Amino acid sequence: RWKSLAPHDLASTTDIEKSIVYHTTYTLCRHRYNVDKTAMYSATSHSVRDLLLKEWNTTQERLHVTNPKRCYYLSMEFLLGRALDNALYCLSTKKEYAESVKALGFSMEDLLEEERDAALGNGGLGRLAACYVDSSATLEYPVWGYGLRFKYGIFKQIINNEGYQDETPDYWLSHGNPWELRRDDIKYDVQFYGYVATKMNDAGESRLSWEGGEKMYAVAYDMPIPGYDTKNCGNIRLWESQPHNLFDFGAFNNGDYDKAVNDQKRANNLTAVLYPNDNHDSGKELRLKQEYFWVSASLQDIIRRFKRSKRPWKEFSDQVALQLNDTHPIMAIAELQRLLVDVEGLAWDSAWDIVTKTFAFTNHTVLPEALERWSVPLMEHLLPRHMQIIYDINLFFLQKVEKQFPGDRDLLNQVSIIEESQPQQVRMAYLAVVGSHKVNGVAALHSELVKKDLFPAFIKCFGPEKFINITNGITPRRWLYQANPALRDIITETLGSEKWVTHLDELAQLKKFADDKAFQKKWMDVKYRNKQRLAKWISTNMGIDVSPDSLFDIQVKRIHEYKRQFLNILGVIHRYRELCEMNDSERSKVTPRVVIFGGKAAPGYFVAKLVIKLINSVAKVVNNDESIGDLLKVVFIPDYKVSLAEIITPASDISQHISTAGTEASGTSNMKFVLNGGLILGTVDGANIEIRDEIGEENIFMFGTLADKVPDIRHNQKFYGVLLDANLQAVIDLIESGAFGDASIFNPLIDTLTYGGDYYLISEDFDGYLKKQTEVDDTFRDKTLWAKKSIMCTAGMGFFSSDRAVREYADKIWNLKPIPSE
Ligand code: 26W
């Protein structure tokens, strides 16, 4: 009977219309004549969701039957952005839905704009996780993401009248979220605090057991992740905290209502908000609680699934691969060891063998302030049994090292998971290295620095093979197919098929057309239209008029000293100074430029927030200087997020990726810009280097100190001080003259160039930067040359597909095979 009642297909537009009307009536409970855009977006999304859930179910059924090895991607952050447009493309039904929506009196474009971004992430790491689940679903790998369902994702950024960043909470669930499914039946206990007791098990052996403390529930929410051109559907499972003792009736009956709701408040707080720090460890107890809550629930879920297979524990790592996305989920190593030893009764060594064969660790940063360390007293208080286990892991590891290198006390100190500071600290990255079978960096240079600077002593213990590189990638579906329909269409027309969407190497065929005048014209027309689209957004939303004929120069990413937005704005001031000194005939030769910034600063990062203020102060002066006109405009786009990136990225002529060499692990927006035919102005850092190797050095503007020279320069600055570059000094003088408002505000920022050295080498790199900028201006005036470079950029980007990256993880780390859907 069930078989004959298979769910509907929504094959025709009438079916689609009916399904939308159905959801309006029965899901939203709205009268048909009372449907506004928001409701229509919601009803349409529910209708599309039905299609996705059908694929979700058949995918889970298939996995249940075949029971293959699966991989779980543990990531604190998933920066997904919007879902509707992506789902429509993946299900290849956008055209049909657009027609249906139109027939019902709405426009698809408007509806897409109704959707709130799912912004459960800070920046690169979270967006990478989103690209990887897209590729896993598309390539039909059995991969699930595990994370937290934050009620508040990254804050909404507002630029106030004075040009400073203000933060407001972003309650992204205010209109409901059609893209998630709450699973009330999937619920686990998570414990905190308490003490360790010795208990007898059934066999009469004494076992350590974690007792007492506080308990919360973790409830599952699933977000289906559609694959492109496949019936396979992936999943992200996010945990929400809920109170365990729904009510303290004792307290309630005694009239102590405050106490009665206390438990509930605490539980509701736990997954309320994402920490807005990027590359900076806050060290807060609530954060450690979030991390443990998430890995504990995820492991319980994974173990429950493993147990259903009835296989022996020693086969766990043949069934399960666990990828640790940075230091945030590393407690999972101690937690799995605890579950295997204390709960399942395995011997320590057998359990540890399983743990180390199951976990692998991805490092995303070499900045020391971003590597999590937890104080031993905090951990003893919150997770007493885990602290013991970490001590034991460390002890057994150090004993092994001592055996291998007798008497090498230095080495023991260097690799100890416990840092002997006051108080002692647990170095989470070290725990990850000891507890994983592979450690990877995210770009070639970065992976070398991981070995050389972060874990040199571990190479001695484990050999170099444990440390590998997997260069990041981005999904071509969202970042070209969806974000740049005009470019998509001419690529498909020129290559004769859409094969490139899942085989990005096919783009290399565009190289043959790089000198073709007619193709160049089409190509640059698309770029122009994308610049018009962005100019329109800026004019509508910010009231600033910029000309699409100008060179669009874009830097959008989190605001951080190492990313050097400061260098960019100092360069803008230099350009403004020069323009001010020119006569009309000189000005007529200048390439007009729009310099666009965007990005959030962590709320507590004073210097980064001051950079935003400086950019806005400069923008105010320059944009209102009538004598400058279109020759220079400066725009700070507020609240940069995934959905804005989709408009911004296709519109660049140049984008800036100018981190101090050795500081940006990879960068992924660099890949997005180049994929969309934008050129890069960048340093010899992160993935810029591999992008150069793929597209050819003649197609990228590179400058600046090389990574291996940075330490010496910093060292010398400490001794001899910093002598500022002459042009930089003139720029600083202009700021200090009050040209951009009260100069004293900017003192703390200017001080970062001199006091205690210019740590990020802004002065050192300033001259090289300005010279490259001049080269950019000159090259842009040669339209044919520029068009050719732009085409060669896109054509060379095949390697940077997240499909390639995920395949590398599957082959080199997870030992995972695709499970075809048909
Ligand atoms: C503990 C606080 C904290 C929070 C987030 C520390 C570190 C992070 C992330 C690792 C920061 C991050 O997003 N890193 C970026 O990861 C990208 C994906 O690999 C890289 O492309 C970027 O270069 C790297 O900065």
Table column - 3J(HN,Hα) (Hz), the range 83-90, Karplus curve with 6.51, -1.76, 1.60, x for Gly and Pro: 10, 4, 4, 4, 5, 4, 5, 4
Pairwise centroid distance, computed over Cα atoms, of the range 259-338 with the range 588-631, Å: 42
Net length gained if the chain between Ala726 and Asn34 were fully extended (0.36 nm per residue, minus Cα distance): 242.6 nm
Among Leu431, Ser12, Val415 the positive-end extreme of the charge dipole of the chain (Cβ point charges): Ser12
In sequence order, calculated HN-Hα J values of the range 200-214 (Karplus, 6.51, -1.76, 1.60; Hz; x Gly/Pro): 8, 8, 4, 7, x, 8, 7, 10, 7, 9, 8, 10, x, x, 10
Over 22 Å between alpha carbons, listed pairs Lys284/Lys563; Lys215/Lys307; Lys187/Lys307; Lys357/Lys466: Lys284/Lys563; Lys215/Lys307
Spin-label pair Val343/Arg587, simplified geometry with 7 Å Cα→Cβ offset, distance in nm: 7.1
Hypothetical label at Asp549: residues of the range 624-645 whose amide nitrogen lies under 13 Å (7 Å Cα-Cβ projection): 630-631
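Where the only charges are on Cβ atoms (+1 Lys, Arg; -1 Asp, Glu), what is the dipole of the chain about its Cα centre, to the nearest 20 debye?
Numbers: 98 positive and 111 negative charges, 422 e Å.
Charge dipole, the chain, about its Cα centre: 2020 debye, nearest 20.
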Residues of type lysines that Lys557 reaches as a straight line, Cα spacing below 17 Å, ignoring anything fewer than 8 places off in the same chain: Lys156, Lys600, Lys609, Lys613, Lys641, Lys672
Lys/Arg +1, Asp/Glu -1 at C-beta; the chain dipole; positive extreme among Asn34, Thr794, Ala251: Asn34
The range 702-738-the range 478-545 distance, computed between alpha-carbon centres (Å): 39
Chymotrypsin sites (Phe, Trp or Tyr not before Pro) restricted to the range 289-385 and DSSP loop, no more than 15 other C-beta within 10 Å: none
Two-site FRET efficiency, Asn253 against Leu53, from Cβ-Cβ distance with R₀ of 56 Å, rounded to 0.05: 0.80
Other-chain or far-sequence residues with amide H under 5 Å of Val634's (modelled H): Val595, Asn623
Extension gain, Asp15 back to Ile459 (0.36 nm per residue minus Cα-Cα distance, nm): 153.8 nm
Interchain or long-range residues, amide H under 5 Å from Asn235's placed H: Gly145, Ile225
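Assign one of three labels to the range 671-802, namely rounded, prolate or oblate, based on the Cα gyration tensor with a ≥ b ≥ c the square roots of its eigenvalues; rounded applies when a/c is under 1.5, prolate when it is not and a/b is larger than b/c, and oblate otherwise.
On the way: a/c = 2.61, a/b = 1.73, b/c = 1.51.
Prolate.
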Nearest-0.05 FRET efficiency for Val261 and Arg409, computed from C-beta distance (R0 45 Å): 0.25
Likely footprinting exposure, Ile658, Ile459, Ile491, fewest C-beta neighbours within 10 Å first: Ile459, Ile491, Ile658
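Taking the Cα centre as origin and putting +1 on Lys and Arg beta-carbons and -1 on Asp and Glu beta-carbons, what dipole magnitude results for the range 549-800, to the nearest 20 debye? List each step's numbers first, then the result.
Numbers: 26 positive and 35 negative charges, 136 e Å.
Roughly 660 debye for the range 549-800.
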Amide H within-cut-off set for Val320, under 5 Å, with H built and near neighbours excluded: Arg70
Expected 222 nm ellipticity per residue - DSSP helices of 4 or more, -39500 (n - 2.57), all of the chain, to 500: -13500 deg cm²/dmol
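Please give the charge dipole size of the range 432-529, origin at the Cα centre, charges +1 on K and R Cβ atoms and -1 on D and E Cβ atoms. Round to the nearest 20 debye.
On the way: 16 positive and 11 negative charges, 34 e Å.
The dipole magnitude comes to about 160 debye.
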Cα centroid of the range 742-759 to Cα centroid of the range 58-114, whole Å: 48
Whole-Hz ³J(HN,Hα) from phi, Karplus 6.51 cos²θ - 1.76 cosθ + 1.60, for the range 136-145, glycine and proline x: 4, 5, 5, 7, 6, 7, x, 10, 10, x
Simple spin-label estimate for Asn67 and Glu698 in nanometres, 7 Å along Cα-Cβ: 5.9
Cα→Cβ-extended label distance, 7 Å offset, between Thr540 and His244, nm: 5.1
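When Leu724, Leu785, Leu340 are ordered from fewest to most other Cβ atoms inside 10 Å of their Cβ, what list results? Before the final figure, lay out each step's value.
Values: Leu724 18, Leu785 14, Leu340 22.
In order of increasing Cβ crowding within 10 Å: Leu785, Leu724, Leu340.
Expressed in nm to one decimal, what extension gain is obtained for the pair Ser497 and Thr168 from 0.36 nm per residue of sequence separation less their Cα-Cα distance? Walk me through the numbers before you get to the answer.
Details: separation 329, 0.36 × 329 = 118.44 nm, distance 4.52 nm.
Going from the current span to full extension adds 113.9 nm.
First measure r as the distance between the Cβ atoms of Leu395 and Glu285, then evaluate 1/(1 + (r/R0)^6) with R0 = 30 Å and state the FRET efficiency to the nearest 0.05. Before the final figure, lay out each step's value.
Numbers: r = 26 Å, r/R0 = 0.86.
Efficiency, from the Cβ-Cβ distance: 0.70.
No lab work stands behind these numbers, since they all come straight from the coordinates. These numbers come from a predicted model, not from an experiment. Neighbour counts are summed over all protein chains in view; Cβ atoms, including those assigned to glycine, are modelled from backbone coordinates with ideal geometry.
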